[in-house]
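**Student:** Pasting in a structure now, in C-alpha cells, and then I'll have a few things to ask.
The values are calculated or read from the model by the stated rules, or taken from the named source; none is laboratory data. Remember, it's a predicted structure, so these values are computed and weren't measured experimentally. For neighbour counting, all protein chains shown are included, and Cβ atoms are generated from backbone atoms with ideal geometry for every residue, glycine included.
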Amino acid sequence: MFSLASMATMSACIFLFGLFFAIVTNFEAMVKEAESGMAVTVLFDEGITQEQIDAIGQEIKKRVEVSEYEFISPEQAWEEFKGDYFGDNAEAAAGFADDNPLANSASYAIYMNDISMQPVLVDFLEGLDGVREVRHSEVAGRTLTDFNSLIGYISVGIILILLLVAVFLISNTVTTGIAVRKDEIGIMKLIGATDYFVRAPFVVEGVLIGLIGSVVPLALLYFLYRKVVFYISDKFSFLSSLLNFLPAQKVFHTLVPVGLVLGVGIGFLGSWITIRKHLKV
Amino acid sequence: MIKLENVSKAYSAGVPALNDVNLEIADGEFVFIVGDSGSGKSTLIKLLLKELEPTEGTIIVDGRRLGAIRHKQIPKFRRNLGVVFQDFRLLKDRNVYDNVAFAQRVIGASVRESKRKVPVMLSMVGLAAKYKSYPRQLSGGEQQRVAIARALVNQPKILLADEPTGNLDANNAWEIMKLLEEINERGTTVVVVTHNMDIVKIMNKRVITMKKGVVISDVDGDFNED
Ligand SMILES: Nc1ncnc2c1ncn2[C@@H]1O[C@H](COP(=O)(O)OP(=O)(O)OP(=O)(O)O)[C@@H](O)[C@H]1O
Ligand SMILES: [Mg+2]
C-alpha cells in the first residue's frame, strides 16, 4: 500500500538523518577535544619581574575567548622536558644539576573556548608589554575551524534535502488518499462534516507515518551504533586515542527527541498542508 | 422555509443556468421540480445546499440567509438538510448499518444515540433485516432507501432529492416516492427533482416547472403537461 511505501521511505530518511547526526556529533566531539588540547603559549621578555607576569595574566583573564590559562614556571618546564627527553635516564638530566637550562622559559599556556578566535587573541597577546613570543599552531587552528564550518554546512544541506523528500512523500500519500476517498469526502461534506472531521483521518495518517517512520529507524540506529562502536574499539584499539566515540546514551539523548519531533512534525505538517491544498472544504 | 429572490446563477459569464428565479416553499410542503435536461434543476438544489454560490439574488433556507453563512458555519447549516441523489452515493466498503451510522458520526452523535436511531431509520425504510448487507448486495431501490435513511437519521427539517428514482424501475420508483410522501407526512419539507411524469401526475402535489433556467409554471395539484 502507498502509506507503507512512504513509511519505509520516511524511515530511510530518518535513518540517514540519524546516521549523519551520530557521525557529526562524534566528529564534533573529537574536534572539540582536539581544540581544547591545543594551547597558545606566551613567552616573556628576559629579566621580566613576577609582577609584570601577573599583570599579563590579568590581561589574559579578561579575554572572553579564553577558557583557561595556566602559568608554567621554568622548573615545571624543565621537569616536563626531562620527562619527555631523558625519560628514565635520570643521571643524564642530573648533569644539569641546579643550573636550569630553561631558566628563561616561564610561560602561560592558554586554552581557548573557540579556536576560530585564535588569530585575534594572538594579535592581542603580541601587543602586550613584556611578551617576547607567542607560540601557536596556526595551521591546526585554521583547519579545525574550517572543518567545523564545513560540517555545519553539510549537516544543514543534508537535513534540508531529507526534510523536502519527506514532506514530498507525505504529501503524495495524502494526495493519493484524497483521490481514493473523494466520494467519501464529498458525502461527508454534504452531510455536514466539519473541515476538522474531514481532515482528521489524513492528519492522523500523516502523524502515524511520521511516528512509525522515526521510531523504527531510531531503534535500529541505537543498536547499530552500539554494535559499531564496540566493534571499532575492539578491533582497532590502536585508534582508541584518536577516535573517542561518544557513548550511545549521549548521542541518542538528543537524537531520539529530535528524530521523533522531525518525523511527527513532518507527518503532521506534510498532511495538513496537502489537505489544505486539495480540500477546499 | 425556502425562499429565492431574484436568484441567477451563471457557471460561465453570459450563459445563466438559472435566470432570475423567485420561489417560496413553506415548511412541511411536498414539492416536485420538473423540467428538461439542462433546465437548472440540479443547480437549484446545489444552491440550496450552499454547494454553489448564486451569481445574483438572495437565498433563504430555514430562516438563514445563505450569503451570510461563513465557511466555518456551513457544516452546521447543512445538518438541517438531508440530501438524496440519483446515484445513491453510498460508501461501498461499509454495510447498510454503517452507511447510516456514518451520518451520525459525522455530526458527532454518540455511539449510544446512533445505536438507538439507526435501527429506527432502517425499519422505517424497510431494510431492518438487511442491515449487514453491503451496497453491492442490494437492488437499486434498496440502495436508495439506505440513502434516504442516511439523509434522515440526523432529523433534518428539509429533504432535498435530486432525481431519486432516476435509476429505478417503475415499481421501485413508486416505493421510493411513497416513502418520501410518508416522510413528508411526518413533518419534513420534501423537495423532489424528477423526470417521472407519471408519478408527478398521480401524486397530486405542487409542481414547479423549469425551462432554460426560468420557472415557467408553479401549480399546486392537478398538474398537466402542456
Ligand atoms: N459545473 C458546471 N460547469 C458549467 N456548467 C454547468 C455545470 N453544471 C451545470 N452546468 C450547466 O448548467 C445548466 C443547468 O444544469 P443542471 O445540472 O442544473 O441541469 P438539470 O436541470 O439538473 O439537468 P438534468 O435533468 O439533465 O439533470 C446546463 O446547461 C449545464 O450544462
Ligand atoms: Mg440534474
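**Student:** Report yes if some residue within the stretch B:37-58 is in contact with a helix residue (DSSP H, G or I) (Cβ under 8 Å, 6 or more places away or on another chain) and among the hydroxyl-bearing types (Ser, Thr, Tyr); otherwise report no.
**Tutor:** Yes.
**Student:** Take the residues of the stretch B:51-66 that are within 14 Å of chain A (Cβ to nearest Cβ) and farther than 22 Å from B:Ala13 by Cβ: which is nearest to ligand 1 (Cβ to nearest atom)?
**Tutor:** Within the stretch B:51-66, the subset within 14 Å of chain A (Cβ to nearest Cβ) is B:51-53, B:61-62, B:64.
Within this subset, residues satisfying the condition of being farther than 22 Å from B:Ala13 by Cβ are B:61-62, B:64.
Working: B:Val61: 18, B:Asp62: 22, B:Arg64: 23 Å.
If we take residues in the stretch B:51-66 being within 14 Å of chain A (Cβ to nearest Cβ) and farther than 22 Å from B:Ala13 by Cβ, then B:Val61 is nearest to ligand 1 (Cβ to nearest atom).
**Student:** Looking at the structure I just gave you, is B:Asn167 of a type outside the set (Gly, Ala, Ser), away from chain A (no Cβ under 11 Å) and within 16 Å of ligand 1 (Cβ to nearest atom)?
**Tutor:** Details: of a type outside the set (Gly, Ala, Ser): yes; away from chain A (no Cβ under 11 Å): yes; within 16 Å of ligand 1 (Cβ to nearest atom): yes.
Here the answer is yes, as B:Asn167 does meet what is asked.
**Student:** Additional query: Kindly list, by first and then second residue, each pair from a residue in the stretch B:98-121 that is more than 13 Å from every other protein chain (Cβ to nearest Cβ) to a residue that is outside any helix (DSSP H, G or I), limited to pairs with Cβ atoms under 6 Å and residues at least 6 apart or on different chains.
**Tutor:** B:Lys117/B:Val153; B:Met121/B:Val153
**Student:** If you don't mind, there's one more thing I want to ask. Any residue that is within 16 Å of ligand 2 (Cβ to nearest atom), assigned by TED's automatic domain parsing to the domain that holds B:Ile45 and under 16 Å from the mean Cα position of the chain (by Cα) - is there at least one of those in the stretch B:210-226?
**Tutor:** no
**Student:** Still on this structure, I have one more. Identify, please: which residue in the stretch B:54-68 is out of contact with any strand residue (DSSP E or B) (no Cβ under 6 Å at 6 or more places or on another chain) and free of Cβ contacts under 8 Å to residues at least 24 places away in the same chain and is, among those, surrounded by the fewest Cβ atoms within 10 Å (Cβ to Cβ)?
**Tutor:** Start the filter on the stretch B:54-68 by keeping residues that are out of contact with any strand residue (DSSP E or B) (no Cβ under 6 Å at 6 or more places or on another chain), which leaves B:62-65, B:67-68.
From what is left, the residues that are free of Cβ contacts under 8 Å to residues at least 24 places away in the same chain are B:64-65, B:67-68.
Numbers: B:Arg64: 15, B:Arg65: 12, B:Gly67: 12, B:Ala68: 9.
Ranking the qualifying residues of the stretch B:54-68, first place goes to B:Ala68.
**Student:** So, of the residues in the stretch B:186-196 that are in contact (Cβ under 8 Å) with a residue 60 or more places away in the chain and within 16 Å of ligand 2 (Cβ to nearest atom), which turns out to be surrounded by the most Cβ atoms within 10 Å (Cβ to Cβ)?
**Tutor:** In the first step, residues of the stretch B:186-196 are kept if they are in contact (Cβ under 8 Å) with a residue 60 or more places away in the chain; the result is B:187-195.
Right, trim to within 16 Å of ligand 2 (Cβ to nearest atom) and you get B:191-195.
Details: B:Val191: 24, B:Val192: 29, B:Val193: 24, B:Thr194: 23, B:His195: 15.
Ranking the qualifying residues of the stretch B:186-196, first place goes to B:Val192.
Conditions tested, residue by residue: (1) within 30 Å of B:Ser110 (Cβ to Cβ); (2) touching a residue at least 60 places away in the same chain (Cβ under 8 Å); (3) over 15 Å from the mean Cα position of the chain (by Cα); (4) crowded, with 21+ Cβ neighbours inside 10 Å.
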site: B:Gly126; (1), (2), (3), (4): yes, no, yes, no
site: B:Tyr134; (1), (2), (3), (4): yes, no, yes, no
site: B:Arg150; (1), (2), (3), (4): yes, yes, no, yes
site: B:Leu159; (1), (2), (3), (4): yes, yes, no, yes
site: B:Asn172; (1), (2), (3), (4): no, no, yes, no
site: B:Met177; (1), (2), (3), (4): no, no, no, yes
site: B:Asn184; (1), (2), (3), (4): yes, yes, no, no
site: B:Asp198; (1), (2), (3), (4): no, no, yes, no
site: B:Lys201; (1), (2), (3), (4): no, no, yes, no
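**Student:** Okay, next question. With the structure loaded, tell me whether B:Glu5 is more than 16 Å from ligand 2 (Cβ to nearest atom) and either within 14 Å of chain A (Cβ to nearest Cβ) or touching a residue at least 12 places away in the same chain (Cβ under 8 Å) (or both) or whether it fails that test. Walk me through it before giving the result.
**Tutor:** Details: more than 16 Å from ligand 2 (Cβ to nearest atom): yes; either within 14 Å of chain A (Cβ to nearest Cβ) or touching a residue at least 12 places away in the same chain (Cβ under 8 Å) (or both): yes.
Judged against the criteria, B:Glu5 is a match.
**Student:** Looking only at the stretch B:12-37, count every residue that is within 21 Å of B:Val219 (Cα to Cα), more than 14 Å from the chain's Cα centre (by Cα) and near ligand 1 (Cβ under 9 Å from one of its atoms) and tell me the total.
**Tutor:** 4
**Student:** If the requirement is being under 35 Å from the mean Cα position of the chain (by Cα), away from every other protein chain (no Cβ under 14 Å) and loosely packed, with under 14 Cβ neighbours inside 10 Å, which of these qualifies: A:Leu218, A:Leu169, A:Leu128, A:Leu160? Steps first, answer last, please.
**Tutor:** Working: A:Leu218 fails: loosely packed, with under 14 Cβ neighbours inside 10 Å; A:Leu169 fails: loosely packed, with under 14 Cβ neighbours inside 10 Å; A:Leu128 fails: loosely packed, with under 14 Cβ neighbours inside 10 Å.
Exactly one of A:Leu218, A:Leu169, A:Leu128, A:Leu160 is under 35 Å from the mean Cα position of the chain (by Cα), away from every other protein chain (no Cβ under 14 Å) and loosely packed, with under 14 Cβ neighbours inside 10 Å, namely A:Leu160.
**Student:** Taking A:Arg181 as meeting all but one of (1) in contact (Cβ under 8 Å) with a residue 24 or more places away in the chain; (2) within 14 Å of chain B (Cβ to nearest Cβ), write down the number of the exception.
**Tutor:** That leaves (1) as the condition not met.
**Student:** Within the stretch A:194-205, can you find the residues that are free of Cβ contacts under 8 Å to residues at least 40 places away in the same chain and within 12 Å of chain B (Cβ to nearest Cβ)? Write out each step before concluding.
**Tutor:** As a first pass, look at the stretch A:194-205 and keep what is free of Cβ contacts under 8 Å to residues at least 40 places away in the same chain: A:194, A:196-197, A:200-201, A:204.
Within the stretch A:194-205, A:Thr194, A:Tyr196, A:Phe197, A:Ala200, A:Pro201 meet the criteria.
**Student:** Okay, moving on. Just the residues that are surrounded by 19 or more Cβ atoms within 10 Å (Cβ to Cβ) and more than 15 Å from B:His195 (Cα to Cα), please, taken from the stretch B:20-44.
**Tutor:** Residues satisfying the conditions are B:Val21, B:Ile25, B:Phe30, B:Thr43, B:Leu44.
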